[in-house]
Number of protein chains: 2
Amino acid sequence: MKKMAHDLIPDVLNDRCPSRAVLNHVTSRWGVLILIALQDGTLRFSALRRRIGGVSERMLAQSLRLLEDDGFVRRTAHPVVPPHVDYDLTPLGYEVAAKVHALASLIEGNLGQIIAQRKT
Amino acid sequence: MKKMAHDLIPDVLNDRCPSRAVLNHVTSRWGVLILIALQDGTLRFSALRRRIGGVSERMLAQSLRLLEDDGFVRRTAHPVVPPHVDYDLTPLGYEVAAKVHALASLIEGNLGQIIAQRKT
DNA sequence: ACGGAAGTACACACATTTTTGTAAGTATGA
DNA sequence: TCATACTTACAAAAATGTGTGTACTTCCGT
């Protein structure tokens, strides 16, 4: 007799679902911005850093590695000195970036109202 | 001679743009899940807590207040004892929730591949 | 009938965990 | 000396969890 499937359907509302971790990577403070920035094309590490206001080298490197591990970002290192590394989105990365960008744009577009109606 | 506008266009890539904070609220660990959970309709505090696996009372209350302040969630308290409080989405909240949900679904749908191709 | 337990929607103090920032170091060419 | 693309150690800041209290009501057993 077969056992029933119990975790075959990913669900972020479920504490144990690994989709939680992936979602956290893309919705993380810098992950979101990296995806948005890379939508316009390939960027190298320091260009990306200049593009994303306020990110430290440490956090940029760390966030990039998470997104790379999840398969949203591709890292291409050219073995030259000084170092030259390019970052761009994978096909899946583009899809994710599009959704994230849509969300960010919606917020940007309604920012006036959001701030205006705040009491605090 | 007129001064040029400098911060009229919200931009999340800009460190000083207030859209950053709002984006962080909706993409926060529990904010995302609250929005997704409330898409199905009104829920009370403890029902919401049961729906979202792993959230503590403290974090749920805190995250709800941020989303309420930003105008995405509406809180309706019935002055009875024991307390009865309903939470649901505002029109803008629905729009935001839809985008967040789309993102989460995309990740859920590709979770298999994401995990499969991981080296770490 | 009476004590006790559970449910409700939080707030608050405190401790711990996680995240994030800072500064320094690396090897080399322009 | 600066720029490149990081890494690592250390420190500070932020997020999160835990346990307690509240002001009742309803349900339970005895």
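Every test in (1) facing chain A (nearest Cβ under 9 Å); (2) part of a helix (DSSP H, G or I); (3) under 18 Å from A:HIS25 (Cα atoms) is passed by B:HIS101 save one, and that test is (1). Considering every residue within region B:38-47, establish whether at least one is under 30 Å from A:PRO91 (Cα atoms), at the interface with chain A (Cβ under 10 Å from one of its Cβ atoms) and at pLDDT 95 or above. Checking region B:38-47: not a single residue is under 30 Å from A:PRO91 (Cα atoms), at the interface with chain A (Cβ under 10 Å from one of its Cβ atoms) and at pLDDT 95 or above.
A search for C-beta distances below 8 Å between a residue of region B:70-93 that is in contact (Cβ under 8 Å) with a residue 40 or more places away in the chain and open to solvent by less than 20 Å² (accessible area, probe 1.4 Å) and any residue that is charged (D, E, K, R) and within 12 Å of DNA strand C (Cβ to nearest atom), counting only pairs 6+ apart in sequence or on different chains, returns B:TYR87/B:ARG44; B:TYR87/B:ARG74; B:TYR87/B:ARG75; B:LEU89/B:ARG74; B:GLY93/B:ARG74. May I ask you to list the residues in region B:64-96 that are among the β-branched types (Val, Ile, Thr) and not in a loop (DSSP other than H, G, I, E, B)? Scanning region B:64-96 gives B:VAL73, B:THR76, B:VAL85, B:VAL96.
A:GLY109 fulfils the conditions (1) surrounded by 15 or more Cβ atoms within 10 Å (Cβ to Cβ); (2) within 14 Å of chain B (Cβ to nearest Cβ) except for a single criterion, (1). In region A:5-32, the residue that is farthest from the other protein chains (Cβ to nearest Cβ) out of those that are open to solvent by less than 70 Å² (accessible area, probe 1.4 Å) and of a type in the set (D, E, K, R) is A:ARG20. A:VAL55: in contact with a Lys or Arg (Cβ under 7 Å, 6 or more places away or on another chain) and more than 7 Å from every other protein chain (Cβ to nearest Cβ), yes or no? When the stated conditions are applied, A:VAL55 passes them.
A single member of A:VAL96, A:VAL73, A:VAL81 is over 16 Å from A:ALA37 (Cα atoms) and either more than 11 Å from the chain's Cα centre (by Cα) or more than 14 Å from DNA strand C (Cβ to nearest atom) (or both), and it is A:VAL81. Count of region B:33-63 residues, restricted to those that are within 11 Å of DNA strand C (Cβ to nearest atom), surrounded by 17 or more Cβ atoms within 10 Å (Cβ to Cβ) and not in a helix (DSSP H, G or I), is 1.
The values are calculated or read from the model by the stated rules, or taken from the named source; none is laboratory data. Predicted model, so just to flag it, every value in this text is computed and none were measured. Note that we place each Cβ from the backbone using ideal geometry, even for glycine, and neighbour counts take in every protein chain shown. These accessible areas exclude ligands, DNA and RNA; they are computed on the full protein's heavy atoms, side chains included. Shrake-Rupley method; radii C 1.70, N 1.55, O 1.52, S 1.80 Å.
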